[in-house]
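Okay, structure first, notes after.
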Amino acid sequence: MDFVIRNAELLQLGRREWQAADVVVSRGQINRILPASSKLSFTGRKTNSKLDMAHSELNIADEIEAAGCALLMGLHDHHIHLLSLAESLRSLKVGPPEVATREEFYQAFLSAKAGLASGKDWIRAVGYHESVAGELDQEALDAIASNHPIRVQHSSGAMWMFNSLAMELLGLTQDTSGAEVGADGKPTGRFFGSDEFLRLDALERTGAANRIGQVGALLAGFGVTGITDATPEYGAEEVAFFSQAVSGGELPQRLTLMVPEGSEHVNPGPYKIILSDHSLPSFDHLAEKISSAHGSGRSAAVHSVTRASLALLVAVLDEVGSVAGDRVEHASVVPPELMEGLLRHNVRVVTQPNFVAERGDRYLAEVESDDIDWLYRCRGLQEAGLRVAGSTDAPFGSPNPWQAIWAAVTRRTQFGGVVLGAAERVKSEQALALFLSHLDDPGGVPRQVKLGEPADLCLLEAPWREVAAAMPENPVRATWVGGERVV
Ligand SMILES: [Zn+2]
């Protein structure tokens, strides 16, 4: 359906200027951009020759009055985990900010138990951190409930904790990959690994599948029209699942998965390599993985959250070389000497500014002082010439990209209100631009509302200056993907 958005404020990112315009969308594309005219009419009574022409040729069926509000290209979240996010929507939150104390932790489980129908119903909890109630193991979770299977995911996403019944139902033993084994030779109930345990439980699939529409709608509500899912373990089954979710419209966003082969509706992205915080791979092992990704015509997306892992990555790239599109996920700690290394290889950085707000208070307490200034950097990297893209890492961060955009501007921690790395703050337009690059060009030139672009659009509830000054939780009024209104 053809339509026009009248009196929209368009951002000229390069010039940092805004212009008022009428944007005509036809066949899913931005077909015309005309000077805004509050007098324009599609009934033909008042005349505006250009628009009458647009009207007669295009069969415009609808008009939206933007009244001077900002119209942007839809946001792209360059690193997110869709199935985990779907899963988190039906999970109990047992970590900060929702749950911060031991008392709140046990209370959360008590309420969850009270709401369960039968003994075999699962309690799935997410977002746990030791600051809440110390280290959790099988025994501690059995004490909470032994007649319900319990699964708790750590806030890092990389550790899972189960009670005895859950382990029995899932067949988890000391021989399961990632199992932590106690001094007595028995599993402790703690398992290291990323999303593997999401795949072990067939029931999860149904649960996540039922909620993928909810995820699509949630993200569309934030103006997100494109996503890169950075989960490394997806196989053919997940590709088929997502392909169907996209073609069926449950997931209205454009989607890139970090899988070897895509499908009609899903683009294959770079090859994901996790550098675990617990045990780094050997130099040779990483070199081989990156080389083989490059050898098969793919770029590498390497997860790095520590100085040591980034140093290893840079050393390996010095040996095996880099290709266009190589990226580092998180790049949580980038000291100057390693920034030089990333520049040498033109590696893109896919960062999560929201972690500065959401986890900043914890970082201030726990991170070594040498690393504090180099946490989740933005401006320093951009000024040096690195391409930096924004993402939320949801569900490990809030899925709301606006929280990340405002955090990139203020770098203020959520509880303490401390500014973390003041030199890394960016202006609001630059923060926005982190989420505007193409999915296959993270950190590249920000997409702009212009002729011929797909009508992946997001209309805000106010002009940009007002939005940027107020930093509302979510300023999005309407979202379109390929000209289809999704919110
Ligand atoms: Zn992630």
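Could you list all residues from the stretch 137-149 that are crowded, with 21+ Cβ neighbours inside 10 Å and touching a residue at least 40 places away in the same chain (Cβ under 8 Å)? Gln138, Leu141 - these are the residues of the stretch 137-149 that are crowded, with 21+ Cβ neighbours inside 10 Å and touching a residue at least 40 places away in the same chain (Cβ under 8 Å). Out of Tyr376, Tyr363, one residue alone is in contact with a helix residue (DSSP H, G or I) (Cβ under 9 Å, 6 or more places away or on another chain), open to solvent by less than 30 Å² (accessible area, probe 1.4 Å) and without any contact (Cβ under 8 Å) to a residue 60 or more places away in the chain. It is Tyr376. When we screen Gly134, Gly95, Gly127 for residues that are small (Gly, Ala, Ser), closer than 30 Å to Leu364 by Cα, open to solvent by 20 Å² or more (accessible area, probe 1.4 Å) and in contact with a strand residue (DSSP E or B) (Cβ under 6 Å, 6 or more places away or on another chain), the only hit is Gly127. Which of the residues belonging to the stretch 437-487 are in contact with a Lys or Arg (Cβ under 9 Å, 6 or more places away or on another chain), among the charged types (D, E, K, R) and under 16 Å from Arg32 (Cα atoms)? Result: Glu453, Asp456. When Ala431, Ala404, Ala478 are screened for being at negative phi, in the same structural domain as Gly68 (by TED's automatic domain parsing), open to solvent by less than 20 Å² (accessible area, probe 1.4 Å) and aliphatic (A, V, I, L, M), only Ala478 passes.
Can we say Leu286 is assigned to a helix (DSSP H, G or I), in the same structural domain as Glu237 (by TED's automatic domain parsing), within 25 Å of Thr392 (Cβ to Cβ) and not aromatic (Phe, Trp, Tyr)? So Leu286 fails the test.
Based on what the data block shows, is Gly249 more than 17 Å from Leu83 (Cβ to Cβ) and in the same structural domain as Glu329 (by TED's automatic domain parsing)? Judged against the criteria, Gly249 is a match. Any residue that is open to solvent by less than 70 Å² (accessible area, probe 1.4 Å), over 24 Å from the mean Cα position of the chain (by Cα) and more than 16 Å from the ligand (Cβ to nearest atom) - is there at least one of those in the stretch 274-282? Yes; the residues of the stretch 274-282 include at least one that is open to solvent by less than 70 Å² (accessible area, probe 1.4 Å), over 24 Å from the mean Cα position of the chain (by Cα) and more than 16 Å from the ligand (Cβ to nearest atom).
On the stretch given as the stretch 298-357, residues that are crowded, with 19+ Cβ neighbours inside 10 Å, on the phi > 0 side of the Ramachandran plot and either free of Cβ contacts under 8 Å to residues at least 40 places away in the same chain or not in a loop (DSSP other than H, G, I, E, B) (or both) total 1. In the set (1) over 20 Å from Leu72 (Cβ atoms); (2) more than 16 Å from the ligand (Cβ to nearest atom); (3) of a type outside the set (Gly, Ala, Ser); (4) open to solvent by 20 Å² or more (accessible area, probe 1.4 Å), Val239 fails one condition alone, (4). A single entry from Val224, Val266 fulfils the requirement of being surrounded by 20 or more Cβ atoms within 10 Å (Cβ to Cβ), touching a Phe, Trp or Tyr at 6+ places or on another chain (Cβ under 9 Å) and at pLDDT 95 or above: Val224. Scanning the stretch 146-158 for residues being more than 16 Å from the ligand (Cβ to nearest atom), out of contact with any Lys or Arg (no Cβ under 6 Å at 6 or more places or on another chain) and not hydroxyl-bearing (Ser, Thr, Tyr) gives a total of 5. Among the strands (runs of 3 or more DSSP E) confined to the stretch 13-80, the ones with at least 3 residues that are modelled with pLDDT of 70 or more and open to solvent by 20 Å² or more (accessible area, probe 1.4 Å) are located at 17-26, 29-35, 60-65. Of a type outside the set (D, E, K, R), touching a residue at least 40 places away in the same chain (Cβ under 8 Å) and not in a helix (DSSP H, G or I): is that true of Gln448 in this structure? Yes. Please determine whether any residue of the stretch 447-460 is in contact with a helix residue (DSSP H, G or I) (Cβ under 6 Å, 6 or more places away or on another chain) and open to solvent by less than 20 Å² (accessible area, probe 1.4 Å). Looking for residues that are in contact with a helix residue (DSSP H, G or I) (Cβ under 6 Å, 6 or more places away or on another chain) and open to solvent by less than 20 Å² (accessible area, probe 1.4 Å), one finds at least one in the stretch 447-460, hence yes.
Take Ala357 and tell me if it is over 20 Å from Gln414 (Cβ atoms) and among the aliphatic types (A, V, I, L, M). Considered against the rule, which asks whether it is over 20 Å from Gln414 (Cβ atoms) and among the aliphatic types (A, V, I, L, M), Ala357 comes out as no.
The values are calculated or read from the model by the stated rules, or taken from the named source; none is laboratory data. Source: prediction; values computed, not measured. Every residue, glycine among them, receives a Cβ derived from its backbone with ideal geometry; neighbour counts consider all protein chains shown. Surface accessibility is based on the protein's heavy atoms, side chains included, excluding ligands, DNA and RNA. Shrake-Rupley method; radii C 1.70, N 1.55, O 1.52, S 1.80 Å.
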